[in-house]
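Reading through the structure tokens given below for one structure.
The values are calculated or read from the model by the stated rules, or taken from the named source; none is laboratory data. The shown structure was predicted, so the numbers you read here are calculated from the model rather than taken from an experiment. Counting neighbours? That spans all protein chains shown, and the Cβs are built from the backbone with ideal geometry, glycine included. Surface accessibility is based on the protein's heavy atoms, side chains included, excluding ligands, DNA and RNA. Shrake-Rupley method; radii C 1.70, N 1.55, O 1.52, S 1.80 Å.
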Amino acid sequence: MLELRAITRTYTLGGERAGVFEVSLSVAAGTLAVLAGPSGSGKTTLLQVAGLLEPPDDGEVLLEGVLVSGLSEKARCALRLEKLGFVFQSFNLVPVLDALENTMLPLQLQGFTEAQARDRASEMLARVGLADRLAHRPGQLSGGQQQRVAIARALAGSPRLVLADEPTANLDHAHGGPLLELMAVLARELGTAFLVASHDPAVIGRADAVFRLEDGRRLDA
Ligand SMILES: Nc1ncnc2c1ncn2[C@@H]1O[C@H](COP(=O)(O)OP(=O)(O)OP(=O)(O)O)[C@@H](O)[C@H]1O
Ligand SMILES: [Mg+2]
């Protein structure tokens, strides 16, 4: 589903060169892979390249076997909307919208009618166990519930790949494991690929594959 080939993306600040260096990995459809490594090891940088948010300095990004790095910003933007879903550490929900409206938002951007968006969003919220919380705004939900809304929102448009940056970092330990379990089950059921950056042992323990980064390089390659 996702293949990264020798990705290099570096930042030079104050004479020091940091980022990721020649990282290769692949994530199969229906599986959840974790990108593990200490703070500053390059996890977010690599997710941004995989998510077509940043072009690599060198190397190739393939989605479903098609080379997509090097496309124009407009083409990358269209691919992001159509094929990718994102989940962030801080949930990134719109505070004035309820769970259903938050989940509908990207669907409406994708061109679904309001009725279609409502149906798909409610179905996805039910899958993440929030059928009874559709009218709750983020401030009226627990952290774990907010993150499940974010997962429903990321999956509502049927993406082929979901990228999640430390999705359990703002949850207490008891909620991190179950959230990962949910993502792994959804990956299998929907055939979606997940790439999750995390240093949470509860997350790493539930992955189908683990890629370890240190100082911007694959440790286990
Ligand atoms: N915009 C930027 N400008 C300069 N340096 C950057 C920039 N973004 C990242 N870096 C550097 O690249 C390296 C990798 O950062 P990155 O954010 O990918 O790490 P990370 O593994 O996600 O860390 P954390 O676990 O703390 O989120 C770090 O040394 C960081 O300082
Ligand atoms: Mg990071």
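Some notes on this structure:
- Taken over the range 63-75, the criterion of being open to solvent by less than 50 Å² (accessible area, probe 1.4 Å) and closer than 20 Å to LEU25 by Cα is satisfied by LEU63, VAL68, SER69.
- Check on LEU163, under 29 Å from ALA6 (Cα atoms) and touching a helix residue (DSSP H, G or I) at 6+ places or on another chain (Cβ under 8 Å): yes
Conditions tested, residue by residue: (1) modelled with pLDDT under 95; (2) under 16 Å from the mean Cα position of the chain (by Cα); (3) surrounded by fewer than 20 Cβ atoms within 10 Å (Cβ to Cβ).
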{"residue": "LEU2", "(1), (2), (3)": "no, yes, no"}
{"residue": "ALA6", "(1), (2), (3)": "no, no, yes"}
{"residue": "ARG9", "(1), (2), (3)": "no, no, no"}
{"residue": "ARG17", "(1), (2), (3)": "yes, no, yes"}
{"residue": "GLU22", "(1), (2), (3)": "no, no, yes"}
{"residue": "GLY30", "(1), (2), (3)": "no, yes, yes"}
{"residue": "SER39", "(1), (2), (3)": "yes, no, yes"}
{"residue": "THR45", "(1), (2), (3)": "no, yes, no"}
{"residue": "VAL49", "(1), (2), (3)": "no, yes, no"}
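- Which listed residue, of LEU134, LEU161, LEU182, is closer than 17 Å to ARG206 by Cβ and at pLDDT 90 or above: LEU182
- Pairs, first in contact (Cβ under 8 Å) with a residue 12 or more places away in the chain in the range 105-123, second part of a loop (DSSP other than H, G, I, E, B) and surrounded by 14 or more Cβ atoms within 10 Å (Cβ to Cβ), C-beta under 6 Å, six or more apart: PRO106/GLY157; LEU107/GLY157; GLN110/GLY157
- For the range 149-169, the set of residues classified as within 16 Å of ligand 1 (Cβ to nearest atom) and either among the charged types (D, E, K, R) or without any contact (Cβ under 8 Å) to a residue 12 or more places away in the chain (or both) consists of ASP165, GLU166, listed by residue number.
- Test: residue in the range 142-164 that is at negative phi and within 16 Å of ligand 2 (Cβ to nearest atom): yes
- Selection from the range 187-221 of residues that are open to solvent by 30 Å² or more (accessible area, probe 1.4 Å), part of a helix (DSSP H, G or I) and closer than 15 Å to GLY177 by Cβ: PRO201, ILE204
- Residue satisfying all of: in the range 102-153; hydroxyl-bearing (Ser, Thr, Tyr) and not in a loop (DSSP other than H, G, I, E, B); surrounded by the fewest Cβ atoms within 10 Å (Cβ to Cβ) among these: SER122
- Lone qualifier among GLU54, GLU60 - being open to solvent by 40 Å² or more (accessible area, probe 1.4 Å), over 18 Å from ALA209 (Cα atoms) and in a strand (DSSP E or B): GLU60
- Scanning the range 79-96 for any residue that is away from ligand 1 (no atom under 16 Å from the Cβ), at pLDDT 95 or above, open to solvent by 80 Å² or more (accessible area, probe 1.4 Å) and β-branched (Val, Ile, Thr) turns up at least one such residue.
- The test for being in contact with an Asp or Glu (Cβ under 9 Å, 6 or more places away or on another chain), closer than 25 Å to ARG217 by Cα, touching a residue at least 40 places away in the same chain (Cβ under 8 Å) and of a type outside the set (Val, Ile, Thr) holds for LYS43.
- In the range 167-186, the residues that are open to solvent by 30 Å² or more (accessible area, probe 1.4 Å) and either in a loop (DSSP other than H, G, I, E, B) or small (Gly, Ala, Ser) (or both): ALA169, ASN170, ASP172, ALA174
- Summed over the range 18-53, the residues that are near ligand 1 (Cβ under 9 Å from one of its atoms) and more than 19 Å from THR168 (Cα to Cα) give a count of 3.
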